[in-house]
Each structure stands twice: as structure tokens, then as C-alpha cells.
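Q: My questions will all concern the structure given below.
The values are calculated or read from the model by the stated rules, or taken from the named source; none is laboratory data. What you are looking at is a predicted structure, and each value in this text was computed from that prediction instead of being measured. So basically every Cβ, Gly included, is an ideal-geometry build from the backbone, and we count neighbours across all protein chains shown. To get the accessible areas, we keep the full protein, side chains included, count just its heavy atoms, and leave off ligands, DNA and RNA. Shrake-Rupley method; radii C 1.70, N 1.55, O 1.52, S 1.80 Å.
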Amino acid sequence: MKPQKTLQEQLPELRPGQSVELLKELHILTRDGKLNQDTRRKLKQVYHLVQFIEPLLAEVLKSKRDVTLADHGAGKSYLGFILYDLFFKDKPVGWVTGVETRAELVERSQALATRLGFDRMRFLATTVQAALTHPDLPASIDVVTALHACDTATDDAIAFGLAKQARHMVLVPCCQAEVAAVMKRSKALNLARTPLAELWRHPLHTREFGSQITNVLRCLQLEAHGYSVTVTELVGWEHSMKNELILASRTGGSGQGAQQRHAAERLHQVLDEVGLQDLRARFEVPEPA
């Protein structure tokens, strides 16, 4: 009979001092402390994302001696809870705010935070747009995250980050449908106008190219507002097809204005080239000088 594996052997990512009770509450572990295989994939994604976010939090904390994070489309707040447990818990400063429209999830998350003694976590039952003026949020937020924010929710998170002057944004977009719908409506006109419309003539290609171009436009928008942008995979494609991770950090220094103008010009050119002029307001940036 094989000896039963320890929790550390089942979950090598587990860190010293990590809350086992939290992992049980999030149903990552069963009540008797065994790994729930059904949620392991979700945990793998969250842990991988945490590896990108922790250095950003540490950088802000070092420069400001405080750090605030807003997590949009928080859902059950897997990401917020894991981040608090691993990064914020043993520090005297720092706040994590989960923004979620479903009031029942917000109530459940707030109750769990209270039960675990995670005193600097709060949850708001509101939309991303309404969060912009919510009295329980400060005028500026250091780090904005949005994990699998569906369709235009990613754009709303970007707008929130820009308005709150976020130093960093960490985005994993999902289910982009708005751009593809606009491309579908104007397909005949664009086929007559440019051979590039062949890229999205077939419905499957409309969906896939629409998703791709949406993220390209988001990156250009962020660059036009003075952010340095990196695009990479969240996890291996075998784990999730919604897998694109956009990392944006506000930069400064010489040449920044010229780079922003170039990105804004490119964004307007792409919108015109693929017939998406109707979406200028969605990807709003200053007009190139």
C-alpha cells in the first residue's frame, strides 16, 4: 500500500504559512485537507498570475510604503484572497478591493474575509463604471487586475485604471464579442473596400480575428496613455484557450510623448483600416498631433 501523499507533495506551490483554511473555503482543498482535483486547474492559473503581480505590488510598496489593488470582475475572489494571503497578510499596510456585480458573491466574500481576519480586504457590489466614483474607493489605485473579464468588462477595467492613474494593470481578457459584431455588420462594405477583409470573411475568422484585434487595440490604447505593455501567455494553451495576459506599467522619461503620439496614430490607423470607426469612443485616445 502506497503511503498517502502529504499536502506539500500534492500541491508543490504551497508556501510556508499559507492559509490551509482559505484553500478549504475556496474548495481548492476538501474538508479533510486533500487536494480537490476539479479546482486544481483554476488554482494553477491564479498562482501563475500571482507570480506576475507580486513584483508589481512590491515595487509600489517600496516607493510609496503603501499599496492598493482593485480586482474587477472578482467573482468568488480567488485571486484577491490568494494575493492577500501570500502578499498582504503579514504587512501592516495595503488594501485589496474586489469589485463584483453579484451581491451574493460580495456578501459571501466579505464574510469569508472577516472570518479569516483579512481586515484590509473589502468587496463592492457594483459595476466597474460605477466604481469610478464609489465613495469607498480612493482617488488613485496602484494596481488594477481583471481576470477573465468578459467582453467589454476588460475595456471598463482599463478605463478605471486610466482614471485612477494606476501604476500597473494586469488583464486577462475573455469572450471579446463587441468588435466581432461590428465587423460582421460592416463585412460586405469592407470586402468591397479592402482585400484585408478576407481575414474576417468567414464567421469563425470573424470571431477569432475580432478577439485578436480587440486586444491589439487595447495595447495601443494603453501605450497611447503612457504605459509600457507586455503580452504573454497566462498558462499553457492546454489549460485554457482564454489565455492572453496583458501587463501594462505606467512609464515616464524622455521620448515618452513621441511614443504616445505614435501609438495613438497607429490605433486610429488600425481602426480605419479594419472599418471600426464606430468604436473610436471605446478605444478613446488623444488625436495624434
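Q: For the chain, find the longest principal axis of its Cα atoms and tell me its angle to the long axis of helix 37-64, 0 to 90°, nearest 10.
A: Between the helix axis and the principal axis of the chain, the angle is about 80 degrees.
Q: Can you tell me which of 213-219, 91-97, 102-108 comes out highest on packing, and rank the rest after it, using the mean Cβ neighbours within 10 Å?
A: Values: 213-219: 20.7, 91-97: 17.4, 102-108: 13.7.
Result, highest mean first: 213-219, 91-97, 102-108.
Q: Let me ask another. With every protein chain kept in the model, how would you rank Lys42, Lys24 by accessible area, 1.4 Å probe, largest at the top? Don't skip to the end; give the middle numbers.
A: Numbers: Lys42 75, Lys24 45 Å².
In descending accessible area the options line up as Lys42, Lys24.
Q: Averaging the inverse of every distinct alpha carbon separation and then flipping it gives the Kirkwood radius. What is it for segment 113-252, in angstrom units?
A: Numbers: mean 1/r = 0.0594 Å⁻¹.
Roughly 16.8 Å, rounded to one decimal.
Q: Follow-up. Would you tally the net charge around Thr206, using a Cβ to Cβ cut-off of less than 9 Å, leaving Thr206 out, and scoring K and R as +1, D and E as -1?
A: Residues close to Thr206 contribute a combined charge of +3.
Q: Put Glu208, Glu100 in order of accessible area, largest first, 1.4 Å probe: what do you get? Before the final figure, lay out the partial values.
A: Values: Glu208 100, Glu100 10 Å².
The ordering from most to least exposed comes out as Glu208, Glu100.
Q: A further question on this structure: Pick from Ala149, Ala264, Ala197: which is most flexible by mean-square fluctuation in a GNM of the chain where alpha carbon atoms under 10 Å apart are linked?
A: Result for the chain, Cα springs under 10 Å: Ala197 fluctuates most.
Q: Grab the DSSP H runs of the chain that are 4 residues or longer, score each as -39,500 (n - 2.57), total them, divide by all residues and round the 222 nm result to the nearest 500 deg cm²/dmol.
A: Details: 11 runs with 128 residues, N = 289.
That calculation yields -13500 deg cm²/dmol at 222 nm.
Q: What angle do you read, to the nearest 10 degrees and between 0 and 90, between the alpha-carbon axis of helix 153-163 and the longest principal axis of the chain?
A: 90 degrees
Q: Taking 7 Å along the Cα-to-C-beta vector as the label spot, tell me the Val93-Ala192 distance in nanometres, rounded to one decimal.
A: 6.2 nm
Q: Volume per residue, Å³, of the convex hull around the alpha-carbon atoms of segment 162-213?
A: Numbers: hull volume 5.7 nm³, N = 52.
Hull volume normalised by residue count: 110 Å³.
Q: Moving on. Which entries of Lys44/Lys64; Lys5/Lys76; Lys24/Lys89; Lys64/Lys164; Lys24/Lys76 show an alpha-carbon separation above 24 angstrom in the structure shown? Mind showing how you got there, number by number?
A: On the way: Lys44/Lys64 30 Å; Lys5/Lys76 28 Å; Lys24/Lys89 18 Å; Lys64/Lys164 16 Å; Lys24/Lys76 13 Å.
Correct reply: Lys44/Lys64; Lys5/Lys76.
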